[in-house]
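Please read the structure below before turning to the comments.
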Amino acid sequence: MCKYGDFFLKLEIAEKFGVYNVIPYTAYHIQRKENFDPKNPSKVEFLYNPDGYFTGGSGYYATPNQNIDTANSIKFDNYEIAHFRLITDVNYLPYGRSYLEPARRLFKQYVLMEDAMLIHRIARAPEKRIFYINVGNIPPQEVDAFMQKTINNMKKTPLIDEKTGEYNQKYNMQNILEDFFIPVRGNDTATKIDTTKGLEYNGIEDVAYLRDKLFAALKVPKAFMGYEKDLTGKATLAAEDIRFARTIERIQKIVLSELYKIGLVHLYTQGYDGEQLTNFELGLTTPSIIYDQEKVALLKEKVSLAKEIMDTKLLPTDWIYDNVFHFSEDQFDEYRDLIIEDQKRAFRNQQIADEGNDPLETGKSYGTPHDLASLYGKGRYEANSVPDGYDEKTPLGRPEEKASNRNTQNDNFGKDRLGTKSMKVDDQEDFGKNNFKGGSPLALENAKSVFAKNKTLIESLSKTLVFESDKNKESLLDESNLTE
């Protein structure tokens, strides 16, 4: 897809099994047809020709003397072909543009510049020497012979004829490593040797210029192409360059769009329809750690700003949702309901951790401020107002610890160091233990149960009249009331 701009996958589909296999097709053999049906403008078909097409420009060109709609072409419906295409330039529709297209021309220039630099370096780099030979008073017509004799004596480059095996003196091309011999006379009588300069033209600068333009067109950091050093701590290309990560993200979106199409076809053939058909999500790995960190930092700044606005109570939460987070009104209500659900879940987890009680199963809450207040409030005297396990008459748990061990079981002198408690018990053994007020058997008005047990004692203490009369029958005319 990145190389040609298009990538075609033939989906092998079986009913009740879905997409069980895919077959990649080359872009040279596939034609995409759109807008051919007036009744259904959105209909898409694919033509597969085993003989192939010559691609070029924004469309394709059929092979010479060949009709496109021949018997060799195979038609595929839209759901049978997954077409991955880089839609970055409308001039290439209905096909995609190659990711390498912006760098294609620069790459050709880069290769030519490298070749030119290499040829110039080979032809001009070697150093040559210039020999100035004094010919003295030799006649001009004999200078050439003298110079040739001198050259042959000093340096020879023999050429052997392959046919005869003898030296060929006719063809004697100057070698790039050969030196120059110049005869001099007159004032320059001294024989001397000079050296010519080597390569002065620096073609590497031009190559580096085109290389940088090539990297800019590819949007690939050159540090990871081996052109920079000191790359310690850089793990991925996207971590080096955020721009490259954004490019990868755009490509991932294109790939995901076709993967969704494959997923829909797969689920539909398995019998899913309606909301179940689209109830799934796909995702690819984040291309850059730093790119993800920038998103987190931006969200963090938004949350801090929203918190400050809410603390100062300058603006309502609806304004914050709309202007800071750019949420819609439907998202307002949705997120508020989700916040309530989070509070319920947090309360349930707290009850399970603190009280061992699951409110979702028992329908009750324990240990909340309302529950504790109801124990000592009005609801205490109502039926079933006290939670299970709370009974003030028989309190649960360990007994209260006293500040001192005096008159307790842990006291060195015993529980009753003065013996007062045991003496009171001995005095009251005959009349029941602690059933009489003040410990006296005569104080019987506050213990009804003791009256029944000590009835004989009461009768012995009461007075009896010898001539007891019924006071209820006496009257003023009774003889007993008469005085003499």
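Table for the structure above
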item	result
Three-way shape call for region 278-360 based on the alpha-carbon gyration tensor, with the a/c threshold at 1.5	oblate
Loop-resident sites, region 1-43, for chymotrypsin sites (Phe, Trp or Tyr not before Pro), counting at most 13 other Cβ within 10 Å (DSSP)	Phe17, Phe36
Surface accessible to a 1.4 Å probe, Asp330 within the full protein complex, Å²	120 Å²
Region 239-309 - percent relative contact order, Cα under 8 Å, separation 6 or more	44 percent
Listed residue pairs exceeding 26 Å between alpha carbons, taken from Lys75/Lys219; Lys39/Lys75; Lys128/Lys192	Lys75/Lys219
Dipole magnitude (debye, nearest 20) for region 14-55, charges at Cβ of Lys, Arg, Asp, Glu	120 debye
Above-threshold pairs, the threshold being 23 Å between Cα atoms, out of Lys295/Lys344; Lys253/Lys295; Lys213/Lys253; Lys108/Lys222; Lys10/Lys261	Lys295/Lys344; Lys213/Lys253
Region 273-369: relative contact order in percent, alpha carbon pairs under 8 Å with at least 6 residues between	11 percent
Residue-normalised accessible area of region 1-44, expressed per residue, 1.4 Å probe, Å²	64 Å²
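The values are calculated or read from the model by the stated rules, or taken from the named source; none is laboratory data. Owing to the predicted nature of the structure, the values given are computational and were not obtained by experimental measurement. Neighbour counts run over all protein chains shown; Cβ positions are idealised from the backbone, glycine included. Side chains included, ligands, DNA and RNA excluded: accessible areas come from the protein's heavy atoms. Shrake-Rupley method; radii C 1.70, N 1.55, O 1.52, S 1.80 Å.
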